[in-house]
Each structure stands twice: as C-alpha cells, then as structure tokens.
1. Return the sequence-ordered ³J(HN,Hα) values of the stretch A:129-143 in whole Hz as given by the Karplus equation 6.51 cos²θ - 1.76 cosθ + 1.60 applied to θ = phi - 60°, using x for Gly and Pro.
2. Which aspartates and glutamates have a Cα lying under 16 Å from the Cα of residue B:85, excluding residues fewer than 8 positions away in the same chain?
3. Only bridges whose two residues both fall in the stretch B:74-153 count here: according to DSSP, what percent of them are antiparallel, nearest 5?
4. Of all DSSP beta bridges located in the protein assembly as shown, what percent are antiparallel, nearest 5?
5. By the gyration tensor of its Cα atoms, with a ≥ b ≥ c the square roots of the eigenvalues, what is the shape of chain A: rounded for a/c under 1.5, prolate for a/b over b/c, or oblate?
6. Looking at chain A as a GNM with Cα springs under 10 Å, which of A:79, A:129, A:155 has the largest mean-square fluctuation?
7. In straight Cα distance, which lysines are under 17 Å from residue A:37, not counting same-chain residues fewer than 8 positions off?
8. First check a/c for the stretch B:101-153, with a ≥ b ≥ c the square roots of the eigenvalues of its C-alpha gyration tensor; if it is under 1.5, answer rounded, and if not, answer prolate when a/b is larger than b/c or oblate otherwise.
Amino acid sequence: MSEPIKGLTHVSYFCGTPDKFKEMLDFYVDKLGFAPKFTLDFDVGVIDNYRQAGYAVEAAPGDTWIAYVEICPGQFVELFNMGGPFQGDNSVKHVCYTVEDIRTAIEELLDRGVEVWEGPKSLGKPYDLGEPHSPGACGSYTCFLEDPAGNEVELMEYTDRSLQRAWIEGR
Amino acid sequence: MNITGIGHIGIRCNSLEETFEFYTKGLGGEKAFELCDEDGVPYLTYIAMPGGQFVELFHENYTGDNKPQKRSFVHICLEVEDFAKAVRQLQANGVKVTSGGDGSPLLEEPFEERTPDRCGSLCAFVTDPEGNDVELMQFTENSKQIKGGKFHV
C-alpha cells in the first residue's frame, strides 16, 4: 500500500521580497552548502495567477521565480521569489535535515556566522559547544537554526540509541 | 557541511486524529513511535514514510489560519514511482488529489497523459487536514531535478 511513494524529495518555501529571496539563497547555498540545481523564470501569466490568488509578487516577468538547490541526489529545497508578509503561527513547525556529525556541522555554521540554538530559537539558548550535550528524548543529537524567512530548521545526528534509526534498521 | 538529506518535517496539529489518518491510511506512512511527557502523555507522534524519512505530528495547536498566502512554507513533495498508479492508489485511500494544491481543481483523467510541469516532472497535490499541501512528483527523462539546468538569480 505504501509502494507508490518512494520518499520525501523536496520542501519548498516562499521567501518574500527579492532581497529576502537572495538572503534565503545565501542561507541554503552558502551557509548550509546545498548546490544550485536550476531556476525557472516568471512570466506574465504566472505573476497574474499568483496575484489573483492573493500572493505578493514584487518580481517582474523574466526575473527568477523558483530556485532549486540540491541537498543530496534527488532531494532539494525549492525557493520561491515571492510571498509574504508572513503572518501568524501556522502548522509547520520545522524541517529537519540529517547530518553525519553535528559538532562539525555546528562549528562550520558558527564560522559562517549562522546562529545555532540548542532548542527552538524562541527558547533563547545559544548552542554552547563547550558544554556536554546530551541526546534528546528520541536518542538523537539536535540543534536548531532559523532561516532568513523565519522558518525553524532542525539538524539531527542519529546515534546508536536513536528511535529513528531503530525504526529504519528494524524494517 | 555534512548534511545528508531531509530527515523529517514537523507539523503541529489542530486536527490530530484526522491528520494522523491522512499520513497513515491516506499516504501509506506507518506509526513508528511516540514521545511522552513525564506523566506518560504523548506529545509527539513519529510517522515513518516510505524511504526512511518521517513526518512528526506535534500534539500541539497553532493559532494562525495556516493559509498559504500568509506563510513561508509552501509544500513538501513526495517522489512517486508511477504517477498514475500513485494517484489512483491515493484516491482509493480516500485522499483528494488536485492539480495545484489546496483549493485548486481535482486532477482529471487520464492521469497517464498528464503533461509535465515546467520543471519537466509530473506533479499533482494532496492537502492534509491542517491545510498543508503535499506534492506528488514523478521524475521523467526531462526532469530538471535530475538533469539540472541554467541557474541564474
């Protein structure tokens, strides 16, 4: 019954203004290291359709509409050069990426000027690499970031005690 | 950076039971485990999707109306092996399949003759009970996701 679906292949975000779109690209490409894959451009029809449906589009025909950046073969983040202002507290809490080694990832992110948090940013606890860090209730090491559009991003390293890994390997 | 892939997406639920049914009976995920508080009350349900990734359902409400015009999150996308077969399977599971996401027209037959989107892939959408769109995508020989393409920003 689950056979038709192979897996999660991408997640997509509206970025807001063209300046925010550039900040989002900087975050996902230059900070997280995802590889530019392809872009699609706006045309008049696309812009009209979005505006009629109540979406903000500041870009003009011929400007970049969508940028796909590759996490690993077959998995992507899709960024839309439009949308906003973002309002309210909505359903999606975060997207989580798996990492091989969370300490190395955190060191690299801090070197690149990215704020790294122990829990969601709203809890206000910066990640302190000098303190011993224990796995979460699920047995995995985690840390949190916030992208320039305000989306919570989680990084997770599975351990031998990870409930996620136990489930995957038990299949 | 040693990021290896998408691990999960975490969703807060105003309709927890319906959303659980959607991702399990509807999309074919399986309940993997729950995390509970000190009193043994679950606060997070992990659903394993095919392929080893997860959907986390937080037993936690949100106050916004979750309209796509107001949020940054657009959709998650699931890769399918056979587009028409997947659409029929999901319909048989009681899931409404649309051409463009929440509020758009239902996808029409013949599913085998669906025209690829501008990215070269076959696409359709389902929407979870919270209003989060989930795209279905079958890659083709022309998919830019596989072949790549010009990148200018």
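The numbers here are math on the coordinates, done by the rules we state, and not lab data. Every value quoted in this text rests on a predicted model; they were computed, and no experiment measured them.
1. Karplus values, whole Hz, x for Gly and Pro: 5, x, 9, x, 10, 10, x, x, 4, 8, x, 10, 7, 9, 8.
2. Within the straight-line cut-off, residue B:85 pairs with A:3, B:108, B:109, B:112, B:113, B:135.
3. Values: 8 of 13 bridges.
The antiparallel fraction comes to roughly 60 percent.
4. On the way: 54 of 73 bridges.
Around 75 percent of the beta bridges assigned by DSSP in the protein assembly as shown are antiparallel ones.
5. Prolate shape, in that a/c is at least 1.5 and a/b is the bigger ratio.
6. A:129
7. Counting by Cα, and skipping residues close in sequence, residue A:37 has these lysines nearby: A:22, B:144, B:147, B:150.
8. Values: a/c = 2.65, a/b = 1.47, b/c = 1.81.
Oblate, because a/c is 1.5 or more while a/b does not exceed b/c.
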